[in-house]
Structure formats: C-alpha cells, structure tokens
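For reference, the structure is listed below as structure tokens.
Just so it is clear, none of the values below were taken in a lab; they were calculated from the coordinates. The model shown is predicted, which means the values in this text are computed figures rather than measured ones. When we count neighbours, we look across all protein chains shown, and the Cβ atoms used for this are built from the backbone with ideal geometry, even at glycine.
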Amino acid sequence: MKILHLETSSKNCSVAISEGEQLLCLCEEISENYKQSESLHTFVEWALEGADIRLGDIDAVALGMGPGSYTGLRIGAATAKGFCFALGKPLIAINSMETMVEPFLNQGFELIIPLLDARRMEVYTAVYSGITGEEITATHNSILDETSFATYEGNKILFVGDGCTKAKECLTLSSAEYRENVYPSAKYLIHPAIKKYENKAFEDIAYFEPFYLKEFQGVKKKDKTQ
C-alpha cells in the first residue's frame, strides 16, 4: 500500500510518501509566507523521486483536511482531488489536529491540546488524551482568555502549535507546558490514513470540501476614489 500524503493547512507545506507504515520520503518547509502555491507540486515531485516511485504507483491520496489556512486548505484539496480524479485513486481525509498530537503521545502528559493561530486572540483547538490520542473535545475555534481550558486545571497539559505564543500571555494553568514551533506534518498522516484505507473510509471526491471551520475573511480593498 503506497500513499501520497499532503498537509497544507498551516505554515508548513508538507508532502510524504509511505509504503505500509514505512515513511519513504518527506519534503516539507515552514514558511511565514505560506508557500503552498509555490512549493506543493515541487515537493510532490521531489518526494516521488526520493521514494523512487511514479505518481501512478500510489494507491491513495491522504490529505490533512484542516482546520487552518483557508488558502492553504483550498490548494491542498484541489491538488489531492486532481490526483485522485486523474489516477482513479481514493481520497482519504484526516483532521490536521491529529498530526500535531501523535509525536507527543506517552511522554507523561495527561492531555495534549493543539493550538493553531487563527488571528487576534482566536485559535483552532481540540483536546486529546496524552496517552491514547483519543479525542476528548472536538475541534473548534475559540477566543483565548484567562478562563480558557480552566476545567482542565490540575492535569499535566502540553499545548502545541503556533497559538501557544498568545496562550502563554493569558493562561494561568499550573501544570502546563508549551511547544510553539509545532505544525501539522504529512508524516503523521500515515497511521490514521492506513486505518481509513483498510476500512475503506474514503471521501466523495466530487463533493469533498476541507474542514474550514470558519468562513474566509478577506482583506477589504481601499476605495481609490477616497
């Protein structure tokens, strides 16, 4: 089973190729300028070359479906759907929050809470068991203040993601640690993608939409007549 994995929901443009549970190749870059439109197809080419396979050899495409950057998610979804349509392969969608949790499981934390920056004091977040990785609170957007996550006071908590910067400014939890430079990565799509592939939990390619969580907010252009 060879799977092409794409993760474009954050500042990390990430592409991986796996065979079974083995990671064959990973190409990714974290950029403040969100370079998915510039880098994604190049990274796919490099990953295929590094894995020494052709695009036609893959059995499925796995996509980090968000939440996250609206533009990044659209680019990733369009690319994944294009490959699936052209190759006649299934599409697998994984919540991007899951990829932020896996590398920190069983490291002594009771809870792992991803925080992705969603502008101002807002974040995308969810709560997971630090042991099993089971979702405790579903993914949602939240405005951070001093009362956020207060119900988990007393638990040993690890917050991960670029939303940690603003969280540290207002949260007062006594047993919390923060890891700011953590972003969704395609290499952590492998295990959940295998499970979905084996269970044939595929998306309807024609109607699939990323998990935007909230509507796009564009920048209003200044009226040149003023």
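Here are some notes:
- Each residue, residue 21 and residue 122, gets one label point 7 Å from its Cα in the Cβ direction; the gap between the two is 3.9 nm.
- For the pair residue 145 and residue 213, label points projected 7 Å from Cα toward Cβ lie 2.0 nm apart.
- Centre separation in Å (Cα based) which lies between region 171-205 and region 64-113: 7 Å
- Förster-model FRET efficiency, 25 Å R0, residue 153 and residue 107, C-beta, rounded to 0.05: 0.75
- Packing rank of 174-180, 153-159, 29-35, where each peptide gets the mean count of other beta carbons within 10 Å, highest leading: 153-159, 174-180, 29-35
- Around residue 105: net Lys/Arg minus Asp/Glu count, Cβ-Cβ under 15 Å: -3
- In this structure, the residue pairs whose Cα-Cα separation is over 21 Å, taken from 11/195; 11/166; 2/35; 2/200; 35/168, are 11/195; 2/35; 35/168.
- Restricting attention to the chain, close to 60% of DSSP beta bridges with both partner residues there are antiparallel.
- Convex hull (Cα only) mean projected area of region 55-200, reported in nm² to one decimal: 9.1 nm²
- Straightening the chain between residue 172 and residue 59 buys 36.0 nm, computed as 0.36 nm per residue apart minus the Cα-Cα spacing.
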